[in-house]
1. In region 142-171, which trypsin sites (Lys or Arg not before Pro) are in a loop and have at most 10 other Cβ atoms within 10 Å, using DSSP for the loop call?
2. What Rg and what Dmax come out for region 4-98 when only alpha-carbon atoms are used, in angstroms?
3. Mind running the shape call on region 104-179? Use the C-alpha gyration tensor, a ≥ b ≥ c as the square roots of the eigenvalues: rounded below 1.5 for a/c, prolate if a/b tops b/c, oblate otherwise.
4. Normalised radius of gyration for region 78-128, please: alpha carbon Rg relative to 2.2 N^0.38 Å, two decimal places.
5. On average over all directions, what projected area in square nanometres does the chain have, based on the convex hull of its Cα atoms?
6. Taking 0.36 nm per intervening residue step and subtracting the Cα-Cα distance, what contour gain separates Leu11 from Glu66 on full extension?
7. Which FRET efficiency value, to the nearest 0.05, do you get for Val50 and Lys124 by plugging their Cβ-Cβ distance into 1/(1 + (r/R0)^6) with R0 = 22 Å?
Amino acid sequence: MPFFAETFPMLPIRAFLLMALVLFFVVACVRVAGLRSFSKMTSFDFVLTVAMGTLLAGAVTATSWERLAYYLFTVASLFTLQFCLSKLRVLNDTVEDAIGNDPRLLMFDGQMLDTALRETRVTKADVMAKLREANALDFGKVRAVVLETTGDISVLHGDQFDDRLLKNVRGYPDAVSRQR
């Protein structure tokens with residue numbers, strides 16, 4: 001059976017058909033594996049998402065059925081691996097600890113935590129940019145700034161604060177004890 005190159009010699013038609021086939025395949029995989037498939041809850045999830053993008057680009061440019069099958073099999077394998085690891089993370093704390101990172105407290109009750117900034121290689125300018133992005137208007141109302149496991153920075157600000165939001169955030173108990 002000839003590949004798209006022989007059947008559809010015009011490059012735009014072939015590219016469109018391959019793209020549609022690959023996207024349909026990915027949507028089917030996501031429907032089976034679940035919505036968490038493209039989350040970035042852990043560094044593993046992020047690496048998987050980047051790898052997935054590379055594989056999809058390769059699949060769309062495949063020049064033989066064998067090569068296309070290789071890419072689609074690898075995509076399905078990554079979905080399967082991510083699905084299994086996410087199930088294991090839920091069931092086993094050892095797997096969770098091995099795969100996941102702990103979020104890190106960078107600022108607490110209006111005070112920058114210089115040691116945490118240095119250890120995470122986040123600058124004060126980075127934190128200030130995130131404070132502006134979060135519309136934090138008063139340093140005194142910034143309850144916490146957290147470097148999340150995904151690399152995102154979260155800003156918790158306002159008059160009320162529930163300390164359960166900082167459960168399992170590295171540096172939180174230390175920041176509270178330093179204030180007392």
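Since every read-out is calculated from the coordinates, none of them should be taken as a lab result. If you're wondering where the values come from, they're calculated on a predicted model, not measured in any experiment. Using ideal geometry, Cβ is built from the backbone for each residue, glycine included, and neighbour counts are taken over all protein chains shown.
1. Details: sites: Arg143, Arg164, Lys167, Arg170; in loops: Lys167.
Qualifying residues, ordered by number: Lys167.
2. 15.6, 53
3. Working: a/c = 1.34, a/b = 1.00, b/c = 1.34.
It comes out rounded by the Cα gyration axes.
4. On the way: Rg = 16.1 Å, N = 51, 2.2 N^0.38 = 9.8 Å.
Scaled against compact globular proteins, the figure is 1.65.
5. Details: hull surface 56.0 nm².
With every direction weighted equally, the projected area is 14.0 nm².
6. Details: separation 55, 0.36 × 55 = 19.80 nm, distance 1.90 nm.
17.9 nm is the gain from fully extending Leu11 to Glu66.
7. Working: r = 29 Å, r/R0 = 1.31.
Result of the calculation: an efficiency of 0.15.
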